Amino acid sequence: MKKFLVLLVVIISISMFAQVTIEFWHAMSGWRIQLLQSMANDFMKTHPNIKVNVQYTGSYRDTFNKTIAAVKAGNPPHIVQIYDIGTQAMIDGGIAVPIGDLIDEDPSIDKGAFLEQVTNYYTVDGKMYSMPFNSSTAILFYNKTMFKEVGLDPNKPPRTYDELIEYARKLQKKDANGNVIRYGLTWPTHSWFFEQLMAVQNAPLVNNGNGRVGIRPTEAVFNSQAGKNIFNLFKKMTDEGLLLNTKREDWSGARQIFISQKAGMVLYSTSDVKFFVETAKENGFEVGTAFLPKPNLSVQGGSVIGGGSLWILKGHPKEETQAAWEFVKWMTEPEQQIRWHLETGYFPVRKDALEKLLSEGFYSQHPNYLTAIMELLLSKQTVNTNGAVMAYSLKQEKLLKLNTKML
Amino acid sequence: MSWKSKLTPYILLIPTFIIIIIFIYWPAAYSFKLSFYQESFFGNRSIFVGLDNFIDLFTDPEYYRVILTSFIYSFSSVFLTIFIAFLISQLLVQNIPGTRLFRLFIFAPYAISPAIAGTLWSFLLTPTVGYLNYIFLELFGIDTDWLTTTPYAFIAVMLATIWKMLPFDLIFYIAGLQSIPDSLLESSMIDGANLWQRMWKIKFPLLSPITFYLFIMNFTTTMFASFGIIDIMTKGGPLGTTTTMIYKLYLDAFAFQNNGSAAAQSIVMFAIMGVITFIYFHNVEKSVHYQ
């Protein structure tokens with residue numbers, strides 16, 4: 001009996017001091033590395049038996065590739081942040097523990113607390129696979145001070161393509177030789193904006209209900225009238241010297257051009273609201289934000305959420321998976337979501353977080369933080385505004401199906 | 001004891017072989033195998049598809065364009081690099097005060113990584129805020145979007161490549177020029193050869209083994225190692241005009257996760273390099289003059 005008691009004490013003390021270590025890989029560069037680390041530190045303070053190793057693993061694409069390599073090597077991280085478009089590939093890989101299952105098992109969390117527009121994106125074939133964390137949409141940032149300077153109303157941002165062109169013409173400046181020294185608009189030349197501008201027009205990127213009706217998409221259909229509208233707009237603006245195209249996917253380049261006031265407007269993600277507002281202040285101008293422009297006002301679409309979500313990967317002991325779930329759950333709690341929202345510009349993915357900020361009157365002081373949220377909330381919910389899901393080409397898909405049959 | 005002396009070299013070579021096998025032969029063999037397979041994203045399912053990956057490549061007109069881009073890019077930057085290096089090296093062997101210091105500075109690009117070189121050129125050429133753009137605008141009143149419009153993006157990438165490769169060639173040419181015996185040049189001067197004739201009729205043929213070697217080295221560099229500069233400067237754009245074979249391979253493998261096709265492309269590149277090296281060695285080496 002004595003021996004048994006000693007053994008019990010030993011077991012209890014071990015389990016009390018035993019730490020579960022989990023790996024968390026993310027793709028948030030710059031000041032966000034510090035931010036996520038400090039959030040994880042706060043988590044570890046309140047959960048002393050869980051240790052979180054936070055690791056920045058490069059861009060979304062790099063993080064995805066590293067995850068693939070880690071899974072192949074049999075050593076996957078517990079939690080990984082994957083970009084929106086990686087969703088279908090992650091599902092196909094069958095390497096993740098679906099978050100929907102974890103939510104169902106856990107009485108302390110209710111799926112209804114999340115914004116439907118956000119959970120809709122990560123729900124494929126009726127199942128929610130990952131936990132939305134850093135969600136964003138594209139919005140238009142504009143230089144209010146420059147608007148005033150050229151005689152535009154700083155509280156009336158452009159709403160249609162025609163207005164966008166008209167405003168850009170006013171903002172454009174040329175030197176004596178006819179070279180454009182100030183442009184109307186710039187953007188990071190990223191396909192994500194094309195996807196967003198398609199959603200604004202309620203048009204699909206791929207067939208079979210944008211890949212969301214249970215059948216895999218087999219064809220890209222963005223060469224529709226909606227797609228042509230966008231390309232015509234970009235072509236016209238480029239030809240007239242109204243639009244400064246950056247290099248492919250050059251986010252920092254577009255940011256730099258807007259901050260140095262070489263362009264009066266920029267298409268960007270809401271993820272950098274804080275950066276834009278503060279840096280603009282340092283550079284002596286004021287920033288406004290607006291919804292993405294549409295071909296004409298009668299068009300009713302919406303915006304697709306972008307950004308990333310947190311995936312819990314299989315292949316770990318139960319207590320580690322449970323610890324990972326605790327961390328993921330904690331990260332989406334209102335307090336953390338608000339902190340993340342205010343430090344970056346990504347919007348909160350939970351309704352209670354939004355309610356809290358609204359009741360505190362935060363948005364009346366900082367309307368720029370609200371633009372993307374309103375843009376998303378006012379979106380018509382269709383397969384087109386929920387975003388395309390796709391992974392393999394048809395050929396690969398056929399071959400792989402054949403393969404599973406043979407097995 | 002003779003068996004021992006026969007075996008000794010092989011035993012000594014084992015460590016090197018292990019490293020080469022792990023880092024070169026094994027991955028090469030693996031990508032050869034992979035080029036006949038289609039694989040799921042996480043590698044958990046794969047299927048033998050025979051030559052499908054290759055057939056897909058060669059029925060895609062886009063791929064021919066990429067090959068053409070690669071060839072224009074490689075041959076013109078190699079030619080220009082060797083030509084410019086040959087001219088500059090003539091200057092750097094003159095006994096002018098400060099030559100050593102100048103040599104030091106001109107070698108700097110070789111010592112930095114392609115990623116840094118790409119970043120540097122991006123800073124210089126960024127539209128409206130780049131330094132070179134500013135100089136062009138102030139001096140000539142022209143403003144070119146070097147990295148985002150055709151054909152300037154292609155030219156910009158080539159400039160950066162030449163700038164990066166030049167010092168390597170210079171080192172070899174300078175060493176070569178210094179080893180040419182003075183007596184040869186003196187006797188040619190007595191015979192009345194002018195500067196131009198001395199350069200092309202005497203020095204160039206004497207340095208032909210070096211040129212021969214540099215061509216192969218530079219060509220390999222532009223084919224395989226140009227990735228860093230392109231990725232940083234243009235990411236293969238605009239409109240794919242700077243997408244070389246190696247960059248397309250990277251995109252297919254790491255952006256589109258099509259490993260089978262990427263592996264097939266690496267085999268194609270291997271074959272192209274093999275053929276070019278073979279032809280080159282068989283036809284050009286005859287005209288190389290070894291001292």
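The values are calculated or read from the model by the stated rules, or taken from the named source; none is laboratory data. As the structure is a prediction and not an experimental result, all values here were calculated from the model. Please note: Cβ atoms are built from the backbone with ideal geometry, for glycine as well, and neighbour counts cover all protein chains shown.
Observations
- Scanning segment B:132-153 for residues that are over 16 Å from A:Asn179 (Cα atoms) and more than 10 Å from every other protein chain (Cβ to nearest Cβ) gives B:Thr150, B:Pro151, B:Tyr152.
- Of the listed requirements (1) within 30 Å of A:Ser224 (Cα to Cα); (2) among the hydroxyl-bearing types (Ser, Thr, Tyr); (3) modelled with pLDDT of 90 or more; (4) surrounded by fewer than 18 Cβ atoms within 10 Å (Cβ to Cβ), A:Thr371 misses just one: (4).
- Qualifying residue in segment A:243-257 (condition: farther than 26 Å from B:Thr243 by Cβ and outside any helix (DSSP H, G or I)): no
- When residues of segment A:25-53 are limited to those that are under 18 Å from the mean Cα position of the chain (by Cα) and not in a helix (DSSP H, G or I), the one farthest from A:Pro317 (Cα to Cα): A:Gly30
- Here is the figure for segment B:119-131: residues that are away from chain A (no Cβ under 11 Å) and either surrounded by 18 or more Cβ atoms within 10 Å (Cβ to Cβ) or under 17 Å from B:Ile232 (Cα atoms) (or both) total 4.
- B:Glu186 falls short on exactly one of the conditions (1) within 14 Å of chain A (Cβ to nearest Cβ); (2) assigned to a helix (DSSP H, G or I), and that condition is (1).
- The condition (being touching a residue at least 60 places away in the same chain (Cβ under 8 Å) and closer than 23 Å to A:Gly387 by Cβ) is satisfied by just one residue among A:Leu197, A:Leu164, A:Leu171: A:Leu197.
- Qualifying residue in segment B:212-226 (condition: in contact with a Gly (Cβ under 8 Å, 6 or more places away or on another chain), surrounded by fewer than 19 Cβ atoms within 10 Å (Cβ to Cβ) and either within 14 Å of another protein chain (Cβ to nearest Cβ) or touching a residue at least 24 places away in the same chain (Cβ under 8 Å) (or both)): no
- Within segment A:142-192, being in a helix (DSSP H, G or I) and under 27 Å from the mean Cα position of the chain (by Cα) holds for A:Lys144, A:Tyr161, A:Leu164, A:Ser191, A:Trp192.
- If only residues of segment B:32-52 that are farther than 29 Å from A:Pro76 by Cα and not charged (D, E, K, R) are counted, the one that is farthest from the other protein chains (Cβ to nearest Cβ) is B:Leu51.
- Of all residues in segment B:189-232, exactly one satisfies the criterion of being among the acidic types (Asp, Glu) and part of a helix (DSSP H, G or I), namely B:Asp231.
- Where a residue in segment B:90-103 is in contact (Cβ under 8 Å) with a residue 12 or more places away in the chain and part of a helix (DSSP H, G or I) and its partner, wherever it lies, is of a type in the set (Lys, Arg) and surrounded by 15 or more Cβ atoms within 10 Å (Cβ to Cβ), with Cβ under 8 Å and at least six apart: B:Gln90/B:Lys203; B:Leu92/B:Arg103
- Single condition A:Thr246 does not satisfy, out of (1) within 11 Å of chain B (Cβ to nearest Cβ); (2) within 20 Å of the chain's Cα centre (by Cα): (2)
For (1) within 14 Å of chain B (Cβ to nearest Cβ); (2) assigned to a loop (DSSP other than H, G, I, E, B), each residue gets a yes or a no:
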{"residue": "A:Asp92", "(1), (2)": "yes, no"}
{"residue": "A:Asp101", "(1), (2)": "no, no"}
{"residue": "A:Pro107", "(1), (2)": "no, yes"}
{"residue": "A:Gln117", "(1), (2)": "no, no"}
{"residue": "A:Asn120", "(1), (2)": "no, no"}
{"residue": "A:Pro132", "(1), (2)": "no, no"}
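- Only one of the listed residues (A:Gln55, A:Gln81, A:Gln37) is more than 14 Å from every other protein chain (Cβ to nearest Cβ), closer than 17 Å to A:Asn134 by Cα and buried (at least 21 other Cβ atoms within 10 Å of the Cβ). That residue is A:Gln81.
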